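This report refers to the structure that appears directly beneath it.
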Amino acid sequence: MVAGNWKMNKNLQEGLALAGELKQQVKNPACAVVIGTPFIHLASVCELLKGTPIHVAAENCADKDKGAFTGEVSAEMVKSTGAEYCILGHSERRAYYHETPAILKDKVELALANGLKPIFCIGEVKEEREAGRQNDVVKAQLEGSLFHLSEDAFRQITLAYEPVWAIGTGLTATPAQAQEMHAFIRSLIAEHYGKAVADDTTILYGGSCNEKNAAELFANPDVDGGLIGGASLVAEKFLAIIAAR
Ligand code: 13P
């Protein structure tokens, strides 16, 4: 899978223009292609991309199912736009909006209950890697939000390993660092759900992945694609990354 995460970029018209360019170019991709857009774009982008191989993701959903939560957008609302995926646990949500593993657990359950497939982000910050704690951090994130799920539910999850120090910094994990962590994540899944589930789980890499380094990252056996921020905002770059998968 190659998934884009537009974050808080592109107004509606600009977003539709980018989705339209992708629609023209992505005809027979060799992998699943997903674009994650702001909430307000979802319905129009889904309509535009209907019948194409491009899938649509929200970048978040609420941790409550409905009611008096002004400004929030529920998983059911996301689903009703035609979106199929929901990015959850992004490090920016964890850091700036204080989303804890417990909150994310609720969001995952609501997404699944409403037929959305979570793209769940995990990853350590710089200080944690420097202290050699990255494996413990990632393990705790998985245990805190996902490993309570049944096997069937867990099979709906796509994981994205996004080392926080690599996001938007131009500092990419080396292919060896990515492979090492992805293999570790897959071993944890195998411990909890067995080898078949682990082998079937898609684990994306994210963090300054671009059209120049994507092929080298994707060549690793445990790197199943990418979650792309900045480079997903430019059609040619995103298309080159899809071609690299
Ligand atoms: P960049 O590709 O801009 O580093 O962002 C990665 C990311 O956070 C995707 O979710």
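The figures follow:
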item: Whole-number accessible area per residue in Å² for the chain, which is evaluated in the context of all protein chains at 1.4 Å; result: 44 Å²
item: 20 Å cut-off, amide nitrogen to a point 7 angstrom out along Ala95 Cα→Cβ, residues in the range 47-81; result: 59-61
item: Choice from Asn213, Asn60, Asn11 showing the highest fluctuation, given a GNM over the chain with Cα pairs closer than 10 Å; result: Asn11
item: Residue with peak Gaussian network fluctuation, the chain [Cα springs, cutoff 10 Å], from Cys209, Cys46, Cys31; result: Cys31
item: Built amide H within the under 5 Å cut-off of His55, gap 5+; result: Val33, Val34, Ile35
item: The chain, accessible surface, carbon-and-sulfur percent (1.4 angstrom probe); result: 52 percent
item: Among Val138, Val73, Val223, residue whose mean-square fluctuation peaks in a GNM of the chain (springs only between Cα atoms under 10 Å); result: Val73
item: Residues Ala215 and Ile40, FRET efficiency given R0 of 35 Å [Cβ-Cβ distance, rounded to 0.05]; result: 0.55
item: R0 of 35 Å, Cβ-Cβ distance Ala243-Lys64: FRET efficiency to nearest 0.05; result: 0.30
item: Calculated FRET efficiency for the pair Val234/Asn135, C-beta based, R₀ 51 Å, to 0.05; result: 0.90
item: Partners for Lys23 among aspartates and glutamates (Cα-Cα distance below 18 Å; same-chain residues under 8 apart left out); result: Glu14, Glu47, Glu84, Glu236
item: 13 Å reach of a label modelled at Glu191, 7 Å along Cα-to-Cβ, counting backbone N of the range 126-140; result: 135-140
item: Assigned charges on the beta-carbon of Lys, Arg, Asp, Glu; the chain dipole about Cα centre (debye); result: 480 debye
item: Computed [θ] at 222 nm, helices only, for the chain once each DSSP H run of length n ≥ 4 contributes -39500 (n - 2.57); result: -12500 deg cm²/dmol
item: Fully extended contour minus Cα-Cα distance, from Glu14 to Asp200, at 0.36 nm per residue; result: 63.4 nm
item: Cα shape, the range 1-155, gyration tensor, a/c 1.5 rule; result: prolate
item: Within-11-Å neighbourhood charge of Ala57 [Cβ basis; K, R +1; D, E -1]; result: -1
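The values are calculated or read from the model by the stated rules, or taken from the named source; none is laboratory data. The model shown is predicted, which means the values in this text are computed figures rather than measured ones. For neighbour counting, all protein chains shown are included, and Cβ atoms are generated from backbone atoms with ideal geometry for every residue, glycine included. All accessible areas refer to the heavy atoms of the entire protein, side chains included, with ligands and DNA or RNA removed. Shrake-Rupley method; radii C 1.70, N 1.55, O 1.52, S 1.80 Å.
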